[in-house]
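Single-structure report; data block below.
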Amino acid sequence: MSSPRHYFTLAEYFAVENVRDARYEFWDGEIVCMSGGSPEHGILGSRMHYRLAAHVEMRQGDCIAFTGDQAIETPQLPPYRYPDASVVCDEPIYRDHRGTSALVNPRVIVEVLSPRTEAMDLNDKRDAYQAIASLREYVVVAQDAPKVMIWRRVSEDRWELETLEGLDQTLRISSIDFELPLTDLYRSVRFPPSLRIVPPQSV
């Protein structure tokens, strides 16, 4: 007979967060560790941040790119989430949540899918991100195939989805004038053996 599930309170979650060596999210009474993951997940998350940071630095504008260590406040799914990368433009606004400074006004959020978090990233978490007034684009990157989904805000409460599949595609994040060919994004990423990927030939 299995033991009954323990539902954590927000106070217990914050107690874990304040002594953490990793990143945790609070999900309906459950504390979920967001650190770790596969090498592919690490490559894709790091590459997205690196390319975004280099892009906004080169533009010498008022945008900043963050790694997955930056919490994003999600009032619809409190208290906050840890996406794999994010971008804020204009003056960053933070709110303190018992020692964690959560960003209030991101413009772009990037999540790399993994089997453990895929359902959350594509459903509840997407809804929570899209409820953030400042957000313009939500980018979801698959790690088991060359596939990227981009949700773009076209009005206050309406979003359009673009799905890119194949290494011949180019990711475009229009709100910050960013482009990244999927051949560059997925360089060094190992796909499952059952998936045969042939890179496009150079012209």
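For the subset of region 66-92 comprising residues that are acidic (Asp, Glu) and out of contact with any Ser or Thr (no Cβ under 9 Å at 6 or more places or on another chain), which member is farthest from Thr9 (Cα to Cα)? Per the stated criteria, the residue is Glu91. Within region 73-92, residues that are at positive phi reach partners that are assigned to a loop (DSSP other than H, G, I, E, B) with beta carbons closer than 6 Å, at six or more positions or on different chains, in the pairs Asp90/Asp62.
Considering only residues that are in a strand (DSSP E or B) and either aliphatic (A, V, I, L, M) or open to solvent by 50 Å² or more (accessible area, probe 1.4 Å) (or both), which ones fall in region 164-180? Talk me through it step by step, then tell me what you get.
From region 164-180, those in a strand (DSSP E or B) are 164-165, 170-173, 178-180; that's our starting set.
Result: Leu164, Glu165, Leu171, Arg172, Ile173, Glu179, Leu180.
Of everything in region 82-119 that is of a type in the set (Lys, Arg) and in a loop (DSSP other than H, G, I, E, B), the residue that is surrounded by the most Cβ atoms within 10 Å (Cβ to Cβ) is Arg107.
Being acidic (Asp, Glu) and in contact with a helix residue (DSSP H, G or I) (Cβ under 8 Å, 6 or more places away or on another chain) holds for only one residue in Asp69, Asp90, Asp96, Asp84, and it is Asp84. Filter region 37-54 down to residues that are open to solvent by less than 30 Å² (accessible area, probe 1.4 Å) and either part of a loop (DSSP other than H, G, I, E, B) or touching a Phe, Trp or Tyr at 6+ places or on another chain (Cβ under 8 Å) (or both), then give me how many there are. Residues in region 37-54 being open to solvent by less than 30 Å² (accessible area, probe 1.4 Å) and either part of a loop (DSSP other than H, G, I, E, B) or touching a Phe, Trp or Tyr at 6+ places or on another chain (Cβ under 8 Å) (or both): 2 in total.
Across region 55-81, which residue is nearest to Ala128 (Cα to Cα) among those that are among the small types (Gly, Ala, Ser) and crowded, with 21+ Cβ neighbours inside 10 Å?
Start the filter on region 55-81 by keeping residues that are among the small types (Gly, Ala, Ser), which leaves 61, 65, 68, 71.
When the remaining residues are screened for being crowded, with 21+ Cβ neighbours inside 10 Å, the result is 65, 68, 71.
Details: Ala65: 20, Gly68: 17, Ala71: 13 Å.
Result: Ala71.
Of these, Leu10, Leu44, Leu103, which one is under 13 Å from the mean Cα position of the chain (by Cα) and of a type outside the set (Gly, Ala, Ser)? Within the list Leu10, Leu44, Leu103, the selection yields Leu44.
The values are calculated or read from the model by the stated rules, or taken from the named source; none is laboratory data. Quick caveat: nothing in here was measured; it's all calculated off a predicted structure. Cβ atoms come from the backbone with ideal geometry, glycine included; neighbour counts cover every protein chain shown. Surface areas here come from the heavy atoms of the whole protein model, side chains and all, with no ligands, DNA or RNA. Shrake-Rupley method; radii C 1.70, N 1.55, O 1.52, S 1.80 Å.
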